[in-house]
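Worksheet: the structure to be examined is printed underneath.
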Amino acid sequence: MSTHLQKRYRRQRWFVAVSRVTILLALLFLVGLIVSIVGRGWSGFFRGEVQITVALPETVLENSGKVRASVYKKLIHKALLTDFEQHGITDAGSLENIIGFQGALKLRQLVRKDPDSIGRTITTWLPAGKFADGYLKGDLSTQTLVELQVEPDLIRYFEILDRSNKGRMVFNWSFFTLGDSSQPDTAGIGGALAGSFYMLLLTFVLSFPTAILAAVYLELFAPKNRWFDLVEININNLAAVPSIIFGLLGLAVFINLMGVPRSTPLVGGMVLALMTLPTIVISARAAIKAVPETLLAGAMSLGATRMQGVFHHVLPAAMPGVLTGTIIGMAQALGETAPLILIGMVAFIHHIPAGPMEAATALPVQIYLWADNPLRGFAERSAAAIMVLLAFLMIMNISAVLLRKKLEVKW
Amino acid sequence: MAIRERALLGVLILATSMAVVTTIGIVAAILVESLRFFSIIDPSSFFFGTLWSPQIAIREDQAGAAGSFGFIPLLVGTLLITLISLAVAVPMGLAIAVYLSEFASSRTRGQIKPILEILAGIPTIVYGFFALVTLSPILRDLGAELGVEVAGESALAAGLVMGMMLIPFIASLSEDALFAVPDSLRHGAIGLGSTQLEATARVIIPASLPGIAAGILLASSRAIGETMIVVMAAGIAAHLTINPLEAVTTVTVQIVTLLIGDQEFDDPKTLAAFALGLSLFALTLVLNIIALHIVKRYRQSYE
Amino acid sequence: MVTIETRDASASARAETIISAQKVNVYYGDFQALKEVSIDIRPRQVTALIGPSGCGKSTFLRCLNRMNDLILNCRVVGKLLLNGEDIHRPGFDVVDLRTHVGMVFQKPNPFPKSIYDNVAYGPRIHKMANGRSELDGMVESSLRRAGLWDEVKDKLAGLGTELSGGQQQRLCIARAIAVEPKIILMDEPCSALDPVATGRIEELIFELRRDYTIVLVTHSMQQAARTSQRTAFFHLGELLEVGDTNDIFTKPRHERTEAYITGRYG
Ligand SMILES: Nc1ncnc2c1ncn2[C@@H]1O[C@H](COP(=O)(O)OP(=O)(O)OP(=O)(O)O)[C@@H](O)[C@H]1O
Ligand SMILES: [Mg+2]
């Protein structure tokens, strides 16, 4: 082989090697992204619990229906101090770090459910306080705790809990049911999930029928003239308009002009519907275009009107493609953040919205809010919320692929 | 045509016009508010001003009394981050597209494409989170190691992550463009004794260049309009700089910053967001129209 | 099993051979497109491949420069010797093979580049020219030999794709010649052209056969008769008959051949 030819082959090998490295880099990035998020977020799905033996004296809890949580906290802390004495622990700093307010709430709940326990001493598991929670989940190693200048006695007590099996890690269901909170351990995505749900529902209801009808008109009825070209260009461009612009539209027109209540899933759904509309129209048109014209002609030759032929035959045949495009559009809407910030869905909302007219936040906005919160523990919540978001998106995308595979008719 | 049919046709036309109405709504909304803004703030001081600090009142009785609205630093910051992201995404996306379309076996293609689709489907808030909590600290530490100061919210971090976001976008658009090149050209080049690389580099890529260029334009438009990555990873303070290691701010970041609190529609700060929106809309619209026009022409040329 | 009738064996008992195909079988997946094809191609002659549509002419042509490698499910079995060298032997270089065995396709496929760049493509990638003036000379002589020079000499910078169909095909021939191959494969080079353009290409083939070995697939009996010295008749993936063009057209051995060339079947 001539040296020139060898050189040419060498060049080719180089290119192939470089492209493979590039693909590897992209892959590595994806892995890095996932590792970084899962590594940070997994502990958000769990919480630590501490087992405690606590006395519930009748004198204090007489009127158990009205006793405040702080009273229970005192009882818990007394129990802790008793335990300390046994192990010779003297200075463990704030006891909130072991069992805090959450623990007190839980204990109150237990007592209310079982009033007979009053006057006795019970042993139960309670949600761990800040440092204990981190320690039990393995988030905070002994060394980190030392670096955080935690009392040595507290660390010693954690080790004792560990050894005597009085500390454990459980799945944190409340992460899915609680609303936002100013404290990371009581913050959940319940409110955000509800907000996103109402919003997506609305987006779907508004954009899906509109998009299908528009696609049907454009593909099967519209005369191909200058107006058609203009509408087509308009739709294609609309699909590429930055999402934040839709937020401005929502703010100026829906909220300011039409008086739709701010921060609600209602206005969010309207904005996202407009944003998703062109995406669905484009994929629906492609799906309709893929249906052979003979189908319509066949139906019409049997005496159906054009309209009947379209709605009875062409549209059902195009449905798998339309649905796939819709799911992908909805997935995009679910992950959209910027326009929602502009229409006020960033407000701190503790309660879980009961309907689309109540102020709410959305899952991606919740992620943004927590990621920006400097308080220790919120970044972890944010990453956990991302995992939930990605899980939803994965389910949507997989179902889109399956749908396409299952229902697709090859013409 | 029966009345029912005609009514139905009317409904179809109504649905179709929704898209047009949306565009009109966008243009009207941002235009009206922008005009209100420009009635308070001189347009030339907006478009040519080099100081952006809407929060600080310079003089109490000054028009607007809200500070200075110079657009230039935002534009430069936006373009800087866009350029960094394109510097990452164009070569990488193109290499991946060319490799998948011209070199890879169909099995490899079948394995890699879903991964790219996954990357493309990740919401930008996730990329922003990654930039904020992972990449920025890494870059800062790396800078410290090398003895250069990297800002906590550097243009570099935002640009790199945005580049990563754009890779699948550019790869898939370029692959479409390469796919549109007819096989007869491939065979022609190979039949003359080209290596695969020569056929690709000298014939196939030049033949698909319009499509690839359109893809890059669409990617730029995306980068310019991208919000969450820069909101989380770029700065808020406007520095007029082209140093990627410093913090810069962007048009979208400022829109969010101006509107995140309670908005009052007679406040120039609120209205400024719409003027920024107008600039952003115009900029991306031009890019999109050119790109879509090229794509259409290009498709026709091989049909 | 088909016996291949080599009528001209007497003319030159051991005639010179540039390409020798020996028991070549080609499969597309499970479908066998060529069956035990054996043929010797003589240098500096035009060999016409004729036969009904789908009989495997193109498939056989693509064997000769291994373009079948580009077709995913295609498998070639058997021996193909170029100057006595097995082109499937490991280590035998395809790029090198295609440099020596050029190809002109059914539909003209000029690159979307200037006329000049189209012709200069081969010399450039093979680094055949030292300097611009030498390259200019190569481009000119190739275009001259393809009979296109006079028509395009004033618009060499114009796009090759903007020429007429016949001009495009001659450009493709010029492009192939510029690489200085020994053999040129042509797959129905005139099927997309009008009679005038076809006439020009035929003249060109007639000219070229002094210097090049040409293997020409054609559906036109007249074309085969006018341009080729030897003709091979394919049928259903088999090579039924090969011999001097004159003999094949005047006294075909095989009744199928006769039926085909007289137009009673095809
Ligand atoms: N890529 C392919 N995959 C599968 N089968 C193929 C492929 N190419 C050709 N064939 C089949 O192989 C047989 C021979 O095809 P080929 O193109 O060689 O015929 P041909 O003689 O050139 O026909 P024509 O005169 O129509 O060009 C045909 O039956 C064809 O269907
Ligand atoms: Mg053929």
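The values are calculated or read from the model by the stated rules, or taken from the named source; none is laboratory data. Just so you know, these numbers come straight off a predicted model, no measurement behind them. Counting neighbours? That spans all protein chains shown, and the Cβs are built from the backbone with ideal geometry, glycine included. These accessible areas exclude ligands, DNA and RNA; they are computed on the full protein's heavy atoms, side chains included. Shrake-Rupley method; radii C 1.70, N 1.55, O 1.52, S 1.80 Å.
Data overview
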item: Residues satisfying the stated conditions in region C:27-82, i.e. more than 14 Å from chain B (Cβ to nearest Cβ), open to solvent by less than 30 Å² (accessible area, probe 1.4 Å) and away from ligand 2 (no atom under 13 Å from the Cβ); result: C:37, C:39, C:41, C:43, C:46, C:47, C:48, C:80
item: Hits in region C:118-127 - residues which are free of Cβ contacts under 8 Å to residues at least 40 places away in the same chain and either touching a Gly at 6+ places or on another chain (Cβ under 6 Å) or open to solvent by 60 Å² or more (accessible area, probe 1.4 Å) (or both); result: C:124, C:127
item: Residue in region B:269-277 that is part of a helix (DSSP H, G or I) and open to solvent by 10 Å² or more (accessible area, probe 1.4 Å) present; result: yes
item: Positions within region B:90-119 being within 10 Å of chain A (Cβ to nearest Cβ) and either within 29 Å of residue A:338 (Cα to Cα) or in contact with a strand residue (DSSP E or B) (Cβ under 8 Å, 6 or more places away or on another chain) (or both), in sequence order; result: B:91, B:92, B:93, B:94, B:114, B:115, B:116, B:117, B:118, B:119
item: Region C:194-222, subset outside any helix (DSSP H, G or I) and without any contact (Cβ under 8 Å) to a residue 40 or more places away in the chain, residue most open to solvent (accessible area, probe 1.4 Å); result: C:194
item: Helices (runs of 4 or more DSSP H) contained entirely in region C:128-180, each with at least 3 residues that are surrounded by 20 or more Cβ atoms within 10 Å (Cβ to Cβ); result: C:132-145, C:165-178
item: Residue C:115 without any contact (Cβ under 8 Å) to a residue 40 or more places away in the chain and touching a helix residue (DSSP H, G or I) at 6+ places or on another chain (Cβ under 6 Å); result: no
item: Residue within region C:247-254 that is within 16 Å of ligand 2 (Cβ to nearest atom), surrounded by 15 or more Cβ atoms within 10 Å (Cβ to Cβ) and assigned to a loop (DSSP other than H, G, I, E, B) present; result: no
item: Region A:327-354, residues that are buried (at least 24 other Cβ atoms within 10 Å of the Cβ) and within 11 Å of residue A:283 (Cβ to Cβ); result: A:329
item: Count of residues meeting criterion [facing chain A (nearest Cβ under 8 Å) and more than 19 Å from residue B:284 (Cβ to Cβ)] in region B:18-37; result: 2
item: Close pairs from region A:356-373: first over 15 Å from residue A:388 (Cβ atoms) and in contact (Cβ under 8 Å) with a residue 40 or more places away in the chain, partner among the small types (Gly, Ala, Ser) and buried (at least 24 other Cβ atoms within 10 Å of the Cβ), Cβ under 6 Å, at least 6 apart; result: A:360/A:195
item: Filtered residues of region C:64-97 (kept if within 16 Å of ligand 1 (Cβ to nearest atom) and farther than 22 Å from residue A:5 by Cβ); result: C:71, C:72, C:73, C:74, C:75, C:76, C:77, C:78
item: Residue, nearest to residue A:8 (Cα to Cα), within region C:99-113, restricted to residues that are within 15 Å of ligand 2 (Cβ to nearest atom) and part of a strand (DSSP E or B); result: C:103
item: Qualifying residue in region A:252-259 (condition: within 14 Å of chain B (Cβ to nearest Cβ), without any contact (Cβ under 8 Å) to a residue 12 or more places away in the chain and outside any helix (DSSP H, G or I)); result: yes
item: Only listed residue being more than 8 Å from chain B (Cβ to nearest Cβ), in a helix (DSSP H, G or I) and closer than 26 Å to residue B:223 by Cα, chosen from A:232, A:219; result: A:232
item: Complete set of residues in region B:274-292 that are more than 7 Å from chain A (Cβ to nearest Cβ) and either in contact (Cβ under 8 Å) with a residue 24 or more places away in the chain or over 16 Å from residue B:224 (Cα atoms) (or both); result: B:275, B:276, B:278, B:279, B:283, B:287, B:290, B:291
item: Residue among C:243, C:165, C:199, C:237 that is in contact with a Lys or Arg (Cβ under 6 Å, 6 or more places away or on another chain) and more than 16 Å from ligand 1 (Cβ to nearest atom); result: C:243
item: Filter result for residue A:381 (assigned to a loop (DSSP other than H, G, I, E, B) and under 30 Å from residue B:153 (Cβ atoms)); result: no
item: Residues of region C:166-219 that turn out to be within 16 Å of ligand 2 (Cβ to nearest atom), under 11 Å from the mean Cα position of the chain (by Cα) and of a type in the set (S, T, N, Q), as a count; result: 1
item: Flag if residue B:96 is over 25 Å from residue B:228 (Cα atoms) and of a type in the set (A, V, I, L, M, F, W, C); result: yes
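Let's see how each residue does on (1) out of contact with any Asp or Glu (no Cβ under 6 Å at 6 or more places or on another chain); (2) at pLDDT 95 or above; (3) crowded, with 24+ Cβ neighbours inside 10 Å; (4) part of a helix (DSSP H, G or I):
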position: B:137; (1), (2), (3), (4): yes, no, no, yes
position: B:145; (1), (2), (3), (4): yes, no, no, yes
position: B:166; (1), (2), (3), (4): yes, yes, yes, yes
position: B:211; (1), (2), (3), (4): yes, no, yes, yes
position: B:223; (1), (2), (3), (4): yes, yes, yes, yes
position: B:231; (1), (2), (3), (4): yes, no, yes, yes
